[in-house]
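S.K.: Quick one: structure below, then a few questions.
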Amino acid sequence: MADLLVSLYTNRLSILKEQACRVDVQIRSVLPPEMQLVVDWVRDNFSNNWASEVSVAITRQPSACLIAIDHGNLVGFACYDTTARGFFGPTGVHPDSRGKGVGIALFSASLQAMKSMGYAYAIIGDAGPVDFYVNAVGAMTIPADDKGIYQGMLRAKKI
């Protein structure tokens, strides 16, 4: 999968923010006492690798992990500045909540936070749904011959 580049000064961010405002979920930063609950939820619903990144994001000051809450239930998360400065991700939405705009709301809030921190661009590392990011904010593929920062990453061996 490719790394993508997103301008945080594109007009498309305003359109994304308008779409996000129509989504009926609460988006906010993770509170320290929620850390284990959120990390476990990410591990159970996605992967150990993402749970590790969420742990790092939550311990940043301020927290670089946002969560989506729907009627008191955790339904999604998004991190930024985790694997590297200026990186967006990982992010995920529970399968039962997909297609409802939760991912758009998390993506928009994350990019707005990065912009407010002074970033002009965000990098989406090893992006999964490339078409989503291209359509949502005009993300552009960063040409590279390898997997970028994830090249050579240790992975759990399957027995």
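The values are calculated or read from the model by the stated rules, or taken from the named source; none is laboratory data. As the structure is a prediction and not an experimental result, all values here were calculated from the model. Quick reminder, even Gly has a Cβ in these numbers, built from the backbone with ideal geometry, and neighbours come from all protein chains shown. Keep in mind that these areas ignore ligands, DNA and RNA; they rest on the heavy atoms of the full protein, side chains included. Shrake-Rupley method; radii C 1.70, N 1.55, O 1.52, S 1.80 Å.
S.K.: Cβ-Cβ below 6 Å, separation at least six or inter-chain, first residue in the stretch 10-31 and on the phi < 0 side of the Ramachandran plot and in contact (Cβ under 8 Å) with a residue 60 or more places away in the chain, second part of a helix (DSSP H, G or I) and not hydrophobic (A, V, I, L, M, F, W, C): which pairs?
M.R.: LEU16/SER108; LYS17/SER108; ALA20/SER108
S.K.: Look at the stretch 73-101 and say how many of its residues are more than 22 Å from TYR121 (Cα to Cα) and crowded, with 17+ Cβ neighbours inside 10 Å.
M.R.: Residues meeting the conditions: 8.
S.K.: Counting just the residues of the stretch 48-72 that are open to solvent by less than 70 Å² (accessible area, probe 1.4 Å) and β-branched (Val, Ile, Thr), which one comes out farthest from the chain's Cα centre (by Cα)?
M.R.: Filtering first and then ranking leaves ILE69.
S.K.: Is there a residue in the stretch 143-155 that is more than 11 Å from LEU8 (Cβ to Cβ), acidic (Asp, Glu), over 17 Å from the mean Cα position of the chain (by Cα) and open to solvent by 70 Å² or more (accessible area, probe 1.4 Å)?
M.R.: For the stretch 143-155, residues more than 11 Å from LEU8 (Cβ to Cβ), acidic (Asp, Glu), over 17 Å from the mean Cα position of the chain (by Cα) and open to solvent by 70 Å² or more (accessible area, probe 1.4 Å): present.
S.K.: Anything in the stretch 102-112 that is open to solvent by less than 20 Å² (accessible area, probe 1.4 Å) and of a type in the set (Gly, Ala, Ser)? List them, or say none.
M.R.: Scanning the stretch 102-112 gives ALA105, SER108, SER110.
S.K.: List the helices (runs of 4 or more DSSP H) that sit entirely inside the stretch 1-113 and contain at least 1 residues that are under 27 Å from GLY152 (Cα atoms).
M.R.: Helices (runs of 4 or more DSSP H) meeting the threshold: 35-45, 48-59.
S.K.: Answer yes or no: is there a residue in the stretch 31-47 that is farther than 26 Å from TYR121 by Cβ, of a type in the set (Ser, Thr, Tyr) and open to solvent by 30 Å² or more (accessible area, probe 1.4 Å).
M.R.: Checked against the condition, which is being farther than 26 Å from TYR121 by Cβ, of a type in the set (Ser, Thr, Tyr) and open to solvent by 30 Å² or more (accessible area, probe 1.4 Å), the stretch 31-47 yields at least one hit.
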